[in-house]
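Structure first, commentary second.
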Amino acid sequence: MEVKITQENFESYKNGSLPLVVDFWATWCGPCRMIGPLVSQLAEEFDGKIVVGKCDVEEADEVAAEMGIRNIPTIIFFKDGKEVDRHVGSAPINVLKKKFEALL
């Protein structure tokens, strides 16, 4: 399951009991539209083990600025409230899956 990340809920998800993966994207971004379905597929596969959030950088620009997002898509991996990995750009699903597995 995916959740929508906003300025109001970001900290609570980041500091939650489960690891968090946030996909920073925008509607106009071609590579974001390519990687989005892969992230959604992994969100289903890791449901109950990892929270997967989608953060539209235009709607939640404060979160994007706080996290230093300069390019999209950017996927940030959090564990125990801290960033442990970051991936910028597109990637095949097997590369992303290894990063998801590393959070467990």
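Give the Debye-formula value of log10 I(q)/I(0) at each listed q (0.12, 0.19, 0.22, 0.25 Å⁻¹), with one equal scatterer per alpha carbon of the range 43-104, two decimals each.
Per q value, in the given order, log10 I(q)/I(0) is -0.31, -0.79, -1.04, -1.27.
Go through the range 86-95 residue by residue and turn each phi into a ³J(HN,Hα) via Karplus (6.51, -1.76, 1.60, θ = phi - 60°); whole Hz please, and just put x for glycine and proline.
8, 10, 10, x, 7, 6, x, 4, 5, 5
Say each of residue 11 and residue 49 gets a label point 7 Å from the Cα, pointing the same way as Cα to Cβ; how far apart are those two points in nm?
3.1 nm
What does the accessible area per residue of the chain come to in Å², with a 1.4 Å probe and no ligands, DNA or RNA counted?
Solvent-accessible surface per residue comes out at 53 Å².
Return P(r) of the chain (all Cα-Cα pairs; 10 Å bins starting at 0; whole %; ordered from short to long distances).
The percentages, shortest bin first, are 16, 56, 28, 0.
Over the chain, what percent of the accessible surface lies on carbon and sulfur atoms, probe 1.4 Å?
52 percent
The values are calculated or read from the model by the stated rules, or taken from the named source; none is laboratory data. Since the model is a prediction, treat every value here as computed from it, not as a measurement. With ideal geometry, Cβ positions are generated from the backbone for all residues, glycine too; neighbour counts draw on all protein chains shown. The area values use the complete protein model at the heavy-atom level, side chains included, leaving out ligands, DNA and RNA. Shrake-Rupley method; radii C 1.70, N 1.55, O 1.52, S 1.80 Å.
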